[in-house]
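The values are calculated or read from the model by the stated rules, or taken from the named source; none is laboratory data. This is a predicted model, so every value here is computed, not measured. Note: ideal-geometry Cβ built from the backbone for every residue, glycine included; neighbour counts use all protein chains shown. Accessible surface is based on the protein model in full, side chains and every heavy atom, while ligands, DNA and RNA are left aside. Shrake-Rupley method; radii C 1.70, N 1.55, O 1.52, S 1.80 Å.
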Amino acid sequence: MKRPAGTLREGYTTGSAVSAAAVAAFRQCADPVELLLPGNKKLVIPVKSQSGSCAVVVKDGGDDPDVTTGMDLIVEVMPFDGPAENADYEESEGDLTLVIRGGEGIGLVTRPGLAVPVGKYAINPMPRKMLLQNLLSSGCRGRYLVKITAPEGEQRAQETLNPTLGIVGGISILGNSGIVHPYSNAAYAATIALQLRSLAAEGVKRVAVTTGSRSETAVKRDFPELPENAVIRIGDFIHHSLTSAAKNGMAEIIIGCMPGKLFKYACGEQNTHAHQSKLTPSRLREFGIELPGVDLEKIDTMGELAANLSPEVFQTVLEKLYPIAKKQLQDWAGESSVTLVLYDDAGKKLIG
């Protein structure tokens, strides 16, 4: 992937990899695939091999230390007139219906609160949508089975959070933007500081920092007056980003995040990467939040917590965490004023 000299190399998600493999399998051709990504972007992905109804793409996470990098993802695409199984997904648009199935090395969801239901393969909504759109654009029509396998998936999944999250038997197929930004790499911190110094040199005094593509999209929607380059994806580097923004004289820092990050901010976690700071819902008690009837020791994500609470009670939990998190963020930001906006997975504003 082409990039300016001195910057970290981006990669592509497991969702992009399987979409490219699906197109190659359908076309029965091993040429590189120009993939349609969310937001009308395009990305060319190489194909390792193609034979019959199957194609293989090697996952490439760029400079992000992603345990799935280097894995073969194999996709089979073939006409199908049978019924979908319970763990499958059935996705339709226009004249195309896909039955999307996980094979060897693709995890199954066993606990609530994730982006997919219990009992289904861990293939997230956006990758399923990408499969449908890219096969449609390739001329695929009718009813097809798309089967995804990852021969090393079960082994490599042990190095991820999947076992903790209740995803068993393999990896997840993920990706909301289709591109892997190297947030987890320590070198990414330097690029954040560089962006802030550049903005300061331009006289910019108001910036927004977001944790990923969904919060970035939501912040750009809610703060359209901000210049494009003043909305910065920071991944997990919240403390570094706020102190760098303050050092560069930013008058206001808008922070867009989701519930999991909000909780970690309230807990004072300076780096929110899962390998740096495990989300521990039992710590809610430290903030005087008691949830009778909920076994917090058996819950590992805010999504799972939400699945065990009514929407009203979960919103109350977030409203109690919000001022605690904002105070912590303001302490890190020093003289810069902090505006904190909380969004759900769909980009709906919850607080702020």
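Note on the stretch 27-66: among residues that are of a type in the set (Gly, Ala, Ser) and loosely packed, with under 13 Cβ neighbours inside 10 Å, the one that is nearest to the chain's Cα centre (by Cα) is Gly39. Within the stretch 283-293, identify whether any single residue is surrounded by 15 or more Cβ atoms within 10 Å (Cβ to Cβ) and within 19 Å of Thr211 (Cβ to Cβ), and answer yes or no. No, the conditions are met nowhere in the stretch 283-293. Cβ-Cβ contacts under 6 Å between residues 6 or more apart (or on different chains), taken from a first residue in the stretch 297-312 that is surrounded by fewer than 15 Cβ atoms within 10 Å (Cβ to Cβ) to a second residue that is not in a loop (DSSP other than H, G, I, E, B), are listed as Glu297/Ser282. In the set Met126, Met78, only one residue is open to solvent by 40 Å² or more (accessible area, probe 1.4 Å), of a type outside the set (Lys, Arg) and in a helix (DSSP H, G or I); that residue is Met126. Of all residues in the stretch 305-335, those being polar (S, T, N, Q) and within 30 Å of Pro117 (Cα to Cα) number 4. Check whether at least one residue in the stretch 317-332 is over 23 Å from Phe223 (Cα atoms) and open to solvent by less than 30 Å² (accessible area, probe 1.4 Å), and report yes or no. Yes; the residues of the stretch 317-332 include at least one that is over 23 Å from Phe223 (Cα atoms) and open to solvent by less than 30 Å² (accessible area, probe 1.4 Å).
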